[in-house]
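**Q** Would you mind keeping the following structure in view while I ask a few things?
The values are calculated or read from the model by the stated rules, or taken from the named source; none is laboratory data. Here the structure is a predicted model, which is why all the values come from computation and not from measurement. Backbone-built Cβ (ideal geometry, glycine too); neighbour counts: all protein chains shown. Ligands, DNA and RNA are stripped out before the accessible areas are found, and what is left, the full protein with its side chains, is counted by its heavy atoms. Shrake-Rupley method; radii C 1.70, N 1.55, O 1.52, S 1.80 Å.
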Amino acid sequence: VQLQASGGGLVQAGGSLRLSCACSRRTCSNNAMGWFRRAPGKEREFVAAVGWNGGSTRYAESVEDRFTISRAYADSTMYLQMTTLKPEDTAVYYCAAARGSAVATAPSSYNYWGQGTLVTVSS
């Protein structure tokens with residue numbers, strides 16, 4: 001397993017969670033990384049991405065100002081700090097490593113995927 005997501009769980013609306021994604025340095029140290037999610041009955045969607053050295057980030061409009069993506073360059077671990085969670089944030093969250101070093105929003109730009117972690121936000 002090259003990427004492993006963790007940190008999901010059940011939280012009330014307005015609460016916070018932090019997701020983590022462990023990745024091998026060989027797979028992720030020079031590559032952009034990102035988070036995607038799939039809600040029940042919906043297509044997978046982009047959430048956030050971070051460049052290879054953490055210097056650039058991009059967010060989906062629906063999470064901007066509530067979520068913060070970061071990464072620890074030393075061990076290529078990626079994080080997603082989620083605040084002010086809403087019921088519509090309920091989904092399985094997947095972390096992924098991109099083919100290149102620049103931030104990317106399209107799933108086709110990513111070639112390694114973790115197994116997903118479930119986030120459930122109750123109203």
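**Q** Tally the residues that are within 19 Å of residue 120 (Cβ to Cβ) and over 14 Å from the mean Cα position of the chain (by Cα), restricting the search to the stretch 44-59.
**A** 0
**Q** I'd like the full set of residues that are among the hydrophobic types (A, V, I, L, M, F, W, C) and either within 17 Å of residue 27 (Cβ to Cβ) or surrounded by 14 or more Cβ atoms within 10 Å (Cβ to Cβ) (or both), limited to the stretch 99-108.
**A** Selection gives 102, 103, 104.
**Q** Considering only residues that are open to solvent by less than 70 Å² (accessible area, probe 1.4 Å) and either outside any strand (DSSP E or B) or on the phi > 0 side of the Ramachandran plot (or both), which ones fall in the stretch 25-54?
**A** 27, 28, 29, 31, 32, 39, 51, 54
**Q** Suppose we keep only residues that are closer than 18 Å to residue 63 by Cα and under 14 Å from the mean Cα position of the chain (by Cα) within the stretch 6-24. Which one would you say is most open to solvent (accessible area, probe 1.4 Å)?
**A** Across the stretch 6-24, the extreme among qualifying residues is 18.
**Q** From the set of residues in the stretch 113-122 that are assigned to a strand (DSSP E or B) and in contact with a Lys or Arg (Cβ under 9 Å, 6 or more places away or on another chain), which is surrounded by the most Cβ atoms within 10 Å (Cβ to Cβ)?
**A** Within the stretch 113-122, the match that is surrounded by the most Cβ atoms within 10 Å (Cβ to Cβ) is 119.
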